[in-house]
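K.L.:
Take this structure first; my questions come after.
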Amino acid sequence: MRHATRPTVVVGALLLTGGLAACSVIPAGGGDGDDLLVGVAMPTTTSQRWIDDGENVQAQLEALGHQVDLQFAEDDVPTQVAQIQKMIDDGADALVIGSIDGTALKDVLAQASAADIPVISYDRLIRDTQDIDYYATFDNARVGVQQATSLLSGLGVIDETGEPTGVTGPFAIELFAGSPDDNNATVFYQGAMSLLQPYIDSGVLVVTSGETAFETIATPAWNGETAAKRLGPLLDAHYTSRRLDGILAPADIISVPLLEVLRGAGYGTDAKPWPVVTGQDADVTAVKAVVAGELHSTIYKDTRQLAEVAVTMVDALLSGEEPETNDVTSYDNGVMVVPSYLLASQVVTQDNYEEVLVESGYYTAEELG
Ligand code: GAL
């Protein structure tokens, strides 16, 4: 139940910036908070964060007196479409959707729109449709920058203030990205490459495989096994006579299986120390790996806060009010710029995990023990 508690940040107290396009929809059910049904469609239960997201959103909506239909689609697009369709058929008054394929919901959301059901795009941007109302997420470009920053500082190329140390390497690295159908994956990659590319160009970083294009390094469905199957042959082909120094990995669900491949190849020993490997989500397994010195970093995104943003948006819409946003320019979904609320993420390393994750109450010390 650790994630079901409400965050200390009160979203309503945060700054409202930018003028919103008029796009709120008042549902047929009215806005009195009684007997309103909210459909919550989450992508998968394969990583802890999405389970926490679903449960947090559900708990917070129920605390406001709403009924909730929470569904997980196990990374299967037709399943998610069918789940959303059923929510619409069941008379949902609002939808909160963490999409699998951001481009696959156009038709079903046209039906939601026809039924005047407001839609919140949750964490991942739903693309190619005008039938969404708001986007609740983290500053995803900044997540990518943070991942690259922690890779560079782990290698000693930049110091804790972000300034170059003058260390020239060369450091051998490999790059991994997330699922191509998830808009976030591209945004993380672009954010990271904005920092890494100059060091690749100057030869401080060397991607030995030469594989740097997003399409080449992407991992469909964020599948950790798929990523592991890519790393094994890369190590065999390029790292028998030299050591791998670092890996840009986009999320813990990928980083942790990569660590196992590395362990199998003899890394994590005095002769072959762990490469600097990045992550994202502060999944408990990954944080344990950070504590053990195996994973260099993860990115903490407080899913309690994200749930609160989405729930506050839903509640405003159900009451006929305009939700608070703080970014009305960054997220063009191919059809419209979606008014968004972006939350801040934080890099977690061995140095600060206690302060960031334990003292904040996100995990207990026992959970990480
Ligand atoms: C992204 C999300 C990340 C990570 C990843 C894999 O969309 O923003 O936090 O969870 O999916 O599930």
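The values are calculated or read from the model by the stated rules, or taken from the named source; none is laboratory data. As the structure is a computational prediction, the values presented were derived from the model and not from experiment. Neighbour counts run over all protein chains shown; Cβ positions are idealised from the backbone, glycine included. Areas reflect the complete protein model, heavy atoms only, side chains present, ligands, DNA and RNA absent. Shrake-Rupley method; radii C 1.70, N 1.55, O 1.52, S 1.80 Å.
K.L.:
If you take the beta carbon distance between residue 351 and residue 128 as r and set R0 to 45 Å, what does 1/(1 + (r/R0)^6) give as a FRET efficiency, to the nearest 0.05?
P.N.:
Working from the Cβ atoms, E equals 0.60.
K.L.:
Additional query: Once the whole set of protein chains is in place, how much accessible area is left on residue 294, using a 1.4 Å probe, in Å² to the nearest 10?
P.N.:
The accessible area comes out at roughly 40 Å².
K.L.:
Stretched out fully, how many nm does the piece from residue 86 to residue 200 gain, at 0.36 nm a residue minus the Cα gap?
P.N.:
Here the segment from residue 86 to residue 200 would lengthen by 36.2 nm.
K.L.:
Averaging sequence separations of C-alpha pairs under 8 Å and six or more residues apart, then dividing by the length of the chain, give the relative contact order as a whole percent.
P.N.:
Relative contact order here is 22 percent.
K.L.:
Please list the non-local residues whose amide H lies under 5 Å from the amide H of residue 125, H modeled 1.01 Å from N, same-chain partners needing a gap of 5 or more.
P.N.:
For residue 125, the qualifying residues are 183, 184.
K.L.:
While we're here: So between residue 168 and residue 116, what do we pick up on full extension, going 0.36 nm a residue minus the alpha carbon distance?
P.N.:
The span from residue 168 to residue 116 would gain 13.0 nm if fully extended.
K.L.:
Give me the distance between the Cα centres of region 90-119 and region 124-163, rounded to whole Å.
P.N.:
If we compute the Cα centre of each part, the gap is 26 Å.
K.L.:
Just from its helices, what would the mean residue ellipticity at 222 nm be for the chain, if runs of 4 or more DSSP H residues each count -39500 (n - 2.57) and the sum is divided by every residue, rounded to the nearest 500 deg cm²/dmol?
P.N.:
-11000 deg cm²/dmol
K.L.:
Roughly what % of DSSP beta bridges within the chain run antiparallel, to the nearest 5?
P.N.:
If I count the DSSP bridges inside the chain, around 20 percent turn out antiparallel.
K.L.:
While we're on this one: For the chain, what is the charge dipole size about the Cα centre, in debye to the nearest 20, if Lys and Arg each add +1 at the Cβ and Asp and Glu each add -1 at the Cβ?
P.N.:
1220 debye
K.L.:
Using every Cα-Cα pair within region 140-300, state what percent have a distance larger than 24 Å.
P.N.:
25 percent
K.L.:
Further question on the same structure: Rolling a 1.4 Å sphere over the protein heavy atoms, what is the accessible area per residue of region 231-289, to the nearest Å²?
P.N.:
Per-residue accessible area for region 231-289 comes out at 36 Å².
K.L.:
Now for a separate question. Scattering from the C-alpha atoms of the chain alone, worked out with Debye: what is log10 I(q)/I(0) at q = 0.15 1/Å?
P.N.:
-1.27
K.L.:
For region 97-113, what does the Karplus curve 6.51 cos²θ - 1.76 cosθ + 1.60, with θ = phi - 60°, yield as ³J(HN,Hα) per residue in whole Hz, taken in order and with x for Gly and Pro?
P.N.:
With coefficients 6.51, -1.76 and 1.60, one gets 10, x, 6, 8, 9, x, 9, 9, 10, 3, 5, 5, 6, 5, 5, 4, 5 Hz.
K.L.:
Then there is this: Starting from the 7 Å offset along Cα-to-Cβ, what nm value, one decimal, do you get for the label separation of residue 161 and residue 240?
P.N.:
If labels sit at residue 161 and residue 240, their model points lie 4.6 nm apart.
K.L.:
Contact order normalised by length for region 140-300, with contacts defined as Cα pairs under 8 Å and 6 or more residues apart; what percent is it?
P.N.:
26 percent
K.L.:
Keeping all protein chains in position, work out how much accessible area residue 89 exposes to a 1.4 Å probe, and write it in Å² to the nearest 10.
P.N.:
The value for residue 89 is about 110 Å².
K.L.:
How would region 204-268 be classified by its alpha-carbon gyration tensor: rounded, prolate or oblate, with rounded meaning a/c under 1.5 and the a/b versus b/c comparison settling the rest?
P.N.:
Oblate shape, in that a/c is at least 1.5 and b/c is the bigger or equal ratio.
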